[in-house]
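Student: Got a structure for you, written out below as structure tokens; questions coming shortly.
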Amino acid sequence: MARKVTEPITEYRVLGSTGERVSPIGLGGWHLGLPTVSAKLSLRIIRTAIDRGINFMDNSWDYNDGSSETRMGKALRDGYREKVFLMTKIDGRSKRAATRQLDESLRRLKTDRIDLVQHHEVIRFEDPTRIFDAAGANAALVEARTAGKLRYIGFTGHKDPRIHLHMLQVARENGLVKQEIGVLGMKSMGNGIILKSKTATAVECLRYALNLPTSVVITGCDSMKVLDQAVEVARTFQPMSESEVQALLAKTKDAATHGGFELFKTSSIFDSTAEHPEWLGKEPKRVREMMSA
């Protein structure tokens, strides 16, 4: 039986104060480099997503040892790069590490400019201070922005929201936070683990995330069927009523209370920098000198 093709997305949202118009659903990069997804299929998913209105492309320097960026770079040839808002993430906390990782991402993605580069996995309370140190990663991104290698700077995290607030506070102290911050929703299904609770469907998870004040909700697609589902949810989205929201929260409450289905928050399984602390780079020189004094 032939695959049913839905209509393309026509409604777009504004990304914070940037003025950029982005699709309400963004294409996640991690799944595109998985061993279970062939290079041919990843190219088909990316280009079909773009053809059907998804213009926000997510990726990260560390996804699948770089293969996610490499595959996306190949898919964005033949004029597709000009059709998308391209985002990737770097793990480096030092200026040197961040510079190296950004340059690698630019090479893999086969572009001379990335629209949005994010400080990845801000999951520790010390991360903001390291990032905004004079010799920290943000100095590298600011220089790269001046050089035209990137347009916007942001950060991601998947732990305690208090860490996110701390990151915003440190950024504010460094004069780099403006109002109307663009909000990206990620992991609406917790890598599929939330679905194992049997309390909410994938469509319900996506609709709930879209109903929040998000500019774009990024979701991973490892098959054409999953892509079809994501496009259809975005295309047909209507704001949820208060009664719909309360009904969804009520039926998921018990499963959500203990955090057993939100392993991004309650375990270190998905913390890639915990397994590879070398990605973060060395502490600032003045800190290391204080330890040896």
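The values are calculated or read from the model by the stated rules, or taken from the named source; none is laboratory data. Only a predicted model underlies this, so the values are computations on that prediction, with no experimental measurement involved. Neighbour counts run over all protein chains shown; Cβ positions are idealised from the backbone, glycine included. Note: areas computed on protein heavy atoms with side chains; ligands, DNA, RNA excluded. Shrake-Rupley method; radii C 1.70, N 1.55, O 1.52, S 1.80 Å.
Student: Suppose the chain between Lys282 and Glu11 were pulled fully straight at 0.36 nm per residue; how much longer would it get relative to their current alpha carbon spacing?
Tutor: 93.1 nm
Student: Counting alpha carbon pairs within less than 8 Å and at least 6 residues apart, what relative contact order, in whole percent, applies to the chain?
Tutor: This gives 23 percent for the chain.
Student: Then there's this: Can you give the angle from 0 to 90° between the axis of helix 224-236 and the longest principal axis of the chain, with both taken from C-alpha atoms, to the nearest 10?
Tutor: That helix lies at roughly 80 degrees to the long axis.
Student: Between 0 and 90 degrees, rounded to the nearest ten: what's the tilt of helix 202-211 against the longest Cα principal axis of the chain?
Tutor: Compared with the principal axis, the helix lies near 60 degrees.
Student: Now for a different question. Report, for segment 80-205, the % of DSSP beta bridges that are antiparallel, rounded to 5.
Tutor: 10 percent
Student: For Lys251, which lysines qualify as cross-link partners when the Cα separation must be under 28 Å and same-chain residues fewer than eight apart are set aside?
Tutor: The reachable lysines, counting only those whose Cα sits under 28 Å from Lys251, are Lys159, Lys187, Lys196, Lys198, Lys225, Lys265.
Student: Quick one: putting +1 on the C-beta of Lys and Arg, -1 on the C-beta of Asp and Glu, what dipole do you get for the chain around its Cα centre, in Debye to the nearest 20?
Tutor: 540 debye
Student: While we're on this one: Could you sort the peptides 135-141, 17-23, 191-197 by per-residue average Cβ neighbour count (10 Å cutoff), highest mean leading?
Tutor: Order by mean packing, descending: 135-141, 17-23, 191-197.
Student: Given contacts defined as C-alpha pairs under 8 Å and at least six residues apart, what's the relative contact order of segment 187-280, whole-number percent?
Tutor: 31 percent
Student: Compute the angle between helix 39-51 and the longest alpha-carbon principal axis of the chain, please, reported from 0 to 90 degrees and rounded to the nearest 10.
Tutor: 70 degrees
Student: Helix-derived [θ] at 222 nm for the chain: sum -39500 (n - 2.57) over DSSP H runs of at least 4, divide by residue count, nearest 500?
Tutor: -12000 deg cm²/dmol
Student: Under a point spin-label approximation (7 Å from Cα along Cα-to-Cβ), what is the Glu275-Gln169 distance to one decimal in nm?
Tutor: My value for the distance between the label points is 3.2 nm.
Student: Rounding to the nearest 20 debye, state how big the charge dipole of segment 1-151 is about its Cα centre with +1 on each Lys and Arg Cβ and -1 on each Asp and Glu Cβ.
Tutor: Here segment 1-151 has a charge dipole of around 480 debye.
Student: Here's a follow-up. What figure in square angstrom, to the nearest 10, would you give for the accessible area of Thr111 with a 1.4 Å probe?
Tutor: Thr111 has an accessible surface of roughly 20 Å² with all protein chains in place.
Student: As an exercise, take the mean of 1/r over every pair of distinct alpha carbons in segment 189-266, invert it, and state the Kirkwood radius in angstroms.
Tutor: 13.4 Å
Student: Across bins of 10 angstrom width beginning at 0, how are the C-alpha pair distances of the chain distributed, in whole percent?
Tutor: 6, 27, 36, 23, 7, 1, 0, 0
Student: Determine the dipole magnitude for segment 81-202: charges of +1 sit on the beta-carbon of Lys and Arg, -1 on that of Asp and Glu, nothing else is charged, the reference point is the Cα centre, and the result goes in debye to the nearest 20.
Tutor: Roughly 380 debye, rounded to the nearest 20.
Student: How large, in percent, is the carbon and sulfur part of the accessible surface of segment 1-111 at a probe radius of 1.4 Å?
Tutor: 51 percent
Student: Provide the per residue accessible area, probe 1.4 Å, for segment 134-293, rounded to a whole number of square angstrom.
Tutor: Counting only protein heavy atoms, the per-residue value for segment 134-293 is 58 Å².
Student: Apply the a/c threshold of 1.5 to the C-alpha gyration tensor of segment 1-94 and tell me whether it is rounded, prolate or oblate.
Tutor: In terms of gyration-tensor shape, oblate.
Student: Another question about this same structure. Considering the convex hull of the alpha carbon atoms of segment 86-213, report its projected area averaged over all viewing directions, in nm², one decimal.
Tutor: It is 8.8 nm².
Student: Step by step: find N for segment 128-199, compute 2.2 N^0.38 Å, then divide the Cα radius of gyration by it. What's the final number?
Tutor: This ratio for segment 128-199 stands at 1.39.
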